[in-house]
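Peer 1: Dropping a structure here in structure tokens format, bear with me for questions.
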Amino acid sequence: MLEFYEPQADYGTPKSTSTTMVTLSIDGVSVTVPEGTSVMRAAAENGVKIPRLCATDQLKSFGSCRVCLVEIEGRRGFPASCTTNVEAGMEVKTQSDQIGKLRRNVMELYISDHPLDCLTCPTNGDCELQDTAGEVGLRSVRYGFEGENHLVAEKDQSNPYFTFDPSKCIVCSRCVRACEEVQGTFALTIDGRGFESKVSASQAEDFMDSECVSCGACVNACPTATLTEKSIIEAGKPEHSVITTCAYCGVGCSFKAEMKGNQVVRMTPYKDGKANEGHACVKGRFAFGYATHKDRITVPMIRDSIDDPWREVSWEEAVNYTAQRFKDIQAHYGRTSIGAISSSRCTNEEVYLVQKMVRAGFGNNNIDTCARVCHSPTGFGLKTTLGESAGTQTFASVADADVVIVMGANPTEAHPVFGSRLKRRLREGAKLIVIDPRKIELVSSPHITADYHLPVRPGTNVTLLNALAHVVVNEGLQARDYIAERCDVAEFEKWLTFIGDDRHSPENTASITGVDAADLRAAARLYATGGNGAIFYGLGVTEHSQGSTAVMAIANLAMLTGNIGHQGVGVNPLRGQNNVQGSCDMGSFPHELPGYRHISDKATRDLFEGEWGVTLDSEPGLRIPNMFDAALDGDFKGLYCQGEDIAQSDPNTQHVEAALRAIECLVVQDIFLNETAKFAHVFLPGASFLEKDGTFTNAERRISRVRKVMPPLSGKADWEGTMALANALGCKMEYNHPSEIMDEIARLTPTFNGVSYDRIEQLGSIQWPCNDDSPEGTPIMHVDQFVRGKGFFAMTEYVATTERANRKFPLLLTTGRILSQYNVGAQTRRTENSEWHGEDVLEIHPHDAEERGINHGDWVGINSRVGDTVLRADVTEKVKPGVVYTTFHHPVSGANVITTDNSDWATNCPEYKVTAVQISKVTQPSNWQARQKSFDKQQQGLLKDARH
């Protein structure tokens, strides 16, 4: 969808949602629009542009600029069209001599205090002030620059991505309102009155030192060059644009990649994107520079040993070398001695090809995905209880929620665009319950305070969820009619006996969960009786030894209260990476084919065998942890790793590293020499999301197009590299475009039967299931009945994790993410985002720090039963006593050196969120960090030798 560059259409004020229509006359033409529409928007929708400066359809009407004046028959004066709503029979005149004179007078005042440097201004040709001056016919300014003005105001260039030039500010307040209404950070304000009025960040600070989160909403909203992207200042105005989908978190924001030739000049959030509706975060909006970073590897490389220098080779030599090594390994060690790991950062089509290559080319089911280590319990838990392995709602559905539970998730950091949407609903009056060991931003932030914060002790989620359900049942708050109609009543009665036991009461569980019984009871009542109840959860639920049990307990709670099947409710997993949902949908687990159908099912195998022309193995293959164990046992010798950095992201790093060293042929397909690639024998250069066509599926089940905006730097997109290897193995693949791969997926997968690139182009995006029953997709799941038929109340007995605090390891470590960085940081660390988060730190409560003589900023050693590392201490009350917290965005931090290989009982999802540790003050890095630094230096040297 390439188009010549032009700003996205702006109708001046938000669209009315009313179904009542109103007819009026604008410039003598009869128009009909929804009730509640502004005169400005009514005119714009019918091809009449009324000049404006303070108005934009992303913000509420404001009426401060006075440029949009109109005449209305029977009314005195000249009302602002942005703040005047249409009425039946209204007669509006948008042009007259008097209106023109008033508009020119207003524009004169603006221009009299504005630099006249249009020809050298970075937004020349893309400036609303410039356009409006032309529209009103301003030809001269009677007021000189001799008097007091703002022309010498100092420019703020502190932010790495945009500048703030107050000399060009017209104080329209659009930036301030965007920060409040769209982002919800309230970092900007208008300081002073009258002529002294000016935009101020926080307490008159530089943008970089303020509360600004660099989402770019203010830059989007600015009608002048006051707030301008540095990339525009440096490269100039774009000349064409391509609509694509962000490759960071699972929100799946739509963007216009604005281009000059093959250079990305700017990423602008697309207003018609259903997931983001014109908003963005610092990562998607600005952190795209990694795609052309100097560290990119764009030529295939091979070597015999990880101690050898790399040797650059052609694609043909690389894939033939790999194919021969894999064939030799299978001939010596057996058919199941090789496998693959697919990436949740790659497209649906690319992930599909990897699992196809494994099953049809390798001849086994040794395929797994990084979704294993984050949301596999979601798949198991929701499939068991509701019948489908995905969330139930759209993000927009939260606008109809009355009570929201956020559990084990930190939306404002990890899913910030959804976080902003949620904050908007909370400011409108929805109630909030936060279940998290930390005081995340949603607990208390500008204009938002959680009604209840339940600071659950890590590892006790199931106990807390059972206690919530116990209160609902014992106080008779359950949705009896809903349960009788929609759920398996016999199983519900068994569960009712289980959950009604007094051992689940808040009073009896408080010693386990650490949560006050009265608060828990009040929270349960609020969720059960407060209207539409929506639950959003994240990795703080799934990454536990009872992750699957906790997901089932969440589903139980939602069914118990009737909160599934319509707007404003639901069970909503917040996916960590851009295509976690898609990688699961595409059959990336060793026991499931695409569409979550078990490999042992003969009818399903017959379908795929008929399409692929092979006989499939009916036995499930190895999961990632099994691959590591088998490698150390000498049975697993070849691994193809697509776009994942398991050496940094998987738990018990030293165990993972030992397994990787034991593999005879490790093939990594990526864009950088990541930590895993340092153990590799073959490196196949990957392509960034800007260099490929395909689709991503976000946390809403929304399938969105990824469109190529520049040629792949290596000459091949990832799907083409995988196809080349498959063909070299004798697994025939002939695709000319990813659309053909999607057509195959649709033929073989019932929930995707109606999906095609043409259909996505037509609808913008599609939420599966999309088939004959739902030709335009399914925004809300389980509307009339559950996918499994009757909802199943699963028994959710609490079983304590074996990873418990004791005298030797008295603190519990939990982990998470931060706004500016993404996952293992391979992308964001190669952007200016590192200015906000240059290192991972350890959060520790003042009480625990004082006991150990630790001050803020001290280096501290973190010891667990499997390893140790060293981080800088952040003494804070965000964590409760007995709990410490860190992120995992920097490889040298070694966060996963100390996490154990404990995992979920059903899915092997690692228990990242509970590690018993001891903290002590130290003066030097850990032994592992010293070894890691030395190994990295060696591997970078071997890479440098290849490049020279």
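Peer 1: Any idea which of Ile646, Ile624, Ile671 is out of contact with any Asp or Glu (no Cβ under 6 Å at 6 or more places or on another chain) and open to solvent by less than 10 Å² (accessible area, probe 1.4 Å)? Show your work before the answer.
Peer 2: Values: Ile624 fails: out of contact with any Asp or Glu (no Cβ under 6 Å at 6 or more places or on another chain); Ile671 fails: open to solvent by less than 10 Å² (accessible area, probe 1.4 Å).
Unique residue meeting the criteria: Ile646.
Peer 1: Take the residues in the range 584-639 that are in contact (Cβ under 8 Å) with a residue 24 or more places away in the chain and of a type in the set (Val, Ile, Thr), then tell me which one is nearest to Asn902 (Cα to Cα).
Peer 2: Ile624
Peer 1: Filter the range 1-15 down to residues that are open to solvent by 70 Å² or more (accessible area, probe 1.4 Å) and at pLDDT 85 or above, then give me how many there are.
Peer 2: Number of matching residues: 2.
Peer 1: Tally up the residues in the range 471-488 that are over 14 Å from Gly562 (Cα atoms) and free of Cβ contacts under 8 Å to residues at least 40 places away in the same chain, please.
Peer 2: 1
Peer 1: Cys179 is checked against (1) without any contact (Cβ under 8 Å) to a residue 60 or more places away in the chain; (2) within 22 Å of Arg266 (Cβ to Cβ); (3) assigned to a loop (DSSP other than H, G, I, E, B) and fails just one. What number does that condition carry?
Peer 2: So the condition that Cys179 fails would be (3).
Peer 1: Yes or no: Thr561 among the polar types (S, T, N, Q), open to solvent by less than 30 Å² (accessible area, probe 1.4 Å) and modelled with pLDDT of 95 or more?
Peer 2: Against the criterion (among the polar types (S, T, N, Q), open to solvent by less than 30 Å² (accessible area, probe 1.4 Å) and modelled with pLDDT of 95 or more), Thr561 qualifies.
Peer 1: Here are some residues: Lys198, Lys230, Lys256, Lys168. Which one is in contact with a Gly (Cβ under 7 Å, 6 or more places away or on another chain) and either open to solvent by less than 20 Å² (accessible area, probe 1.4 Å) or more than 27 Å from Leu426 (Cβ to Cβ) (or both)?
Peer 2: Matching residue, one of Lys198, Lys230, Lys256, Lys168: Lys198.
Peer 1: Another question, then. Would you be able to tell me the number of residues in the range 578-591 that are open to solvent by 10 Å² or more (accessible area, probe 1.4 Å) and over 30 Å from Ser254 (Cα atoms)?
Peer 2: Number of matching residues: 1.
Peer 1: In the range 701-741, what residues are touching a Lys or Arg at 6+ places or on another chain (Cβ under 8 Å) and among the charged types (D, E, K, R)?
Peer 2: Arg702, Lys708, Asp718 - these are the residues of the range 701-741 that are touching a Lys or Arg at 6+ places or on another chain (Cβ under 8 Å) and among the charged types (D, E, K, R).
Peer 1: Which of the numbered conditions does Val841 fail, given that it passes all the others? Conditions: (1) over 23 Å from the mean Cα position of the chain (by Cα); (2) hydrophobic (A, V, I, L, M, F, W, C); (3) open to solvent by 10 Å² or more (accessible area, probe 1.4 Å).
Peer 2: (1)
Peer 1: Out of (1) of a type outside the set (S, T, N, Q); (2) under 29 Å from Gly538 (Cβ atoms); (3) touching a Ser or Thr at 6+ places or on another chain (Cβ under 8 Å); (4) open to solvent by 10 Å² or more (accessible area, probe 1.4 Å), what's the single condition that is false for Glu277?
Peer 2: (3)
Peer 1: Can you tell me which residue in the range 876-916 is farthest from Asn652 (Cα to Cα), limited to those that are within 21 Å of the chain's Cα centre (by Cα), surrounded by fewer than 23 Cβ atoms within 10 Å (Cβ to Cβ) and not hydroxyl-bearing (Ser, Thr, Tyr)?
Peer 2: Filtering the range 876-916 for residues that are within 21 Å of the chain's Cα centre (by Cα), surrounded by fewer than 23 Cβ atoms within 10 Å (Cβ to Cβ) and not hydroxyl-bearing (Ser, Thr, Tyr), the one farthest from Asn652 (Cα to Cα) comes out as His890.
Peer 1: Just one of the numbered conditions (1) closer than 30 Å to Val265 by Cα; (2) among the basic types (Lys, Arg); (3) in contact with a strand residue (DSSP E or B) (Cβ under 9 Å, 6 or more places away or on another chain) is not true of Lys49; which one?
Peer 2: (3)
Peer 1: Residues to consider are Ser25, Ser30; find the one that is over 30 Å from Arg421 (Cα atoms), surrounded by fewer than 17 Cβ atoms within 10 Å (Cβ to Cβ) and without any contact (Cβ under 8 Å) to a residue 12 or more places away in the chain.
Peer 2: Being over 30 Å from Arg421 (Cα atoms), surrounded by fewer than 17 Cβ atoms within 10 Å (Cβ to Cβ) and without any contact (Cβ under 8 Å) to a residue 12 or more places away in the chain holds for just one of Ser25, Ser30, which is Ser30.
Peer 1: Checking Val242 against (1) touching a helix residue (DSSP H, G or I) at 6+ places or on another chain (Cβ under 7 Å); (2) among the aliphatic types (A, V, I, L, M); (3) closer than 23 Å to Asn348 by Cα, which test does it fail?
Peer 2: For Val242, the failing item is (1).
Peer 1: Looking only at residues that are under 33 Å from the mean Cα position of the chain (by Cα) and in contact (Cβ under 8 Å) with a residue 40 or more places away in the chain in the range 39-59, which one is nearest to Leu138 (Cα to Cα)?
Peer 2: Only one residue fits best here, namely Leu53.
Peer 1: Consider the range 196-213. How many of its residues are outside any strand (DSSP E or B), more than 16 Å from Pro160 (Cβ to Cβ) and among the hydrophobic types (A, V, I, L, M, F, W, C)?
Peer 2: Number satisfying all stated conditions: 1.
Peer 1: State all residues of the range 807-825 that are touching a strand residue (DSSP E or B) at 6+ places or on another chain (Cβ under 8 Å) and either surrounded by fewer than 22 Cβ atoms within 10 Å (Cβ to Cβ) or more than 19 Å from Asp209 (Cα to Cα) (or both); if no residue qualifies, say none.
Peer 2: Lys808, Phe809, Pro810, Leu811, Leu812, Leu813, Thr814, Thr815, Gly816, Arg817, Ile818
Peer 1: Further, regarding this structure: Between residues in the range 494-520 that are within 14 Å of Tyr798 (Cβ to Cβ) and open to solvent by 10 Å² or more (accessible area, probe 1.4 Å) and residues that are among the basic types (Lys, Arg) and assigned to a helix (DSSP H, G or I), which pairs lie under 8 Å by C-beta distance while being six or more apart or on different chains?
Peer 2: none
Peer 1: Separate question: Going through the range 183-195 one residue at a time, which ones are open to solvent by 20 Å² or more (accessible area, probe 1.4 Å) and not in a loop (DSSP other than H, G, I, E, B)? Before the answer, list the steps.
Peer 2: Quick first cut of the range 183-195, residues open to solvent by 20 Å² or more (accessible area, probe 1.4 Å) only: 186, 189-195.
Thr189, Ile190, Asp191, Gly194, Phe195 - these are the residues of the range 183-195 that are open to solvent by 20 Å² or more (accessible area, probe 1.4 Å) and not in a loop (DSSP other than H, G, I, E, B).
Peer 1: Starting from the range 342-356, take each residue that is under 19 Å from Lys732 (Cα atoms) and open to solvent by less than 10 Å² (accessible area, probe 1.4 Å) and list its partners that are part of a loop (DSSP other than H, G, I, E, B) and of a type in the set (Ser, Thr, Tyr), counting only C-beta distances under 6 angstrom and pairs at least six apart or across chains.
Peer 2: Val351/Ser588; Gln355/Ser588
Peer 1: For the range 106-140, how many residues are surrounded by 20 or more Cβ atoms within 10 Å (Cβ to Cβ) and at positive phi?
Peer 2: Residues that pass the stated criteria total 0.
Peer 1: Can you tell me which residue in the range 689-723 is nearest to Thr392 (Cα to Cα), limited to those that are in a strand (DSSP E or B) and among the charged types (D, E, K, R)?
Peer 2: Arg702
Residue by residue, here is whether (1) modelled with pLDDT of 95 or more; (2) more than 29 Å from the chain's Cα centre (by Cα); (3) of a type in the set (A, V, I, L, M, F, W, C) holds:
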site: Asp502; (1), (2), (3): yes, yes, no
site: Ile512; (1), (2), (3): yes, yes, yes
site: Asp516; (1), (2), (3): yes, yes, no
site: Arg525; (1), (2), (3): yes, yes, no
site: Thr529; (1), (2), (3): yes, yes, no
site: Gly533; (1), (2), (3): yes, no, no
site: Ser548; (1), (2), (3): yes, no, no
site: Ala555; (1), (2), (3): yes, no, yes
site: Gly568; (1), (2), (3): yes, no, no
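The values are calculated or read from the model by the stated rules, or taken from the named source; none is laboratory data. Every value quoted in this text rests on a predicted model; they were computed, and no experiment measured them. Every residue, glycine as well, gets a Cβ built from its backbone with ideal geometry; the counts of neighbours run over all protein chains shown. Please note that ligands, DNA and RNA were not included when accessible areas were found on the heavy atoms of the full protein model with its side chains. Shrake-Rupley method; radii C 1.70, N 1.55, O 1.52, S 1.80 Å.
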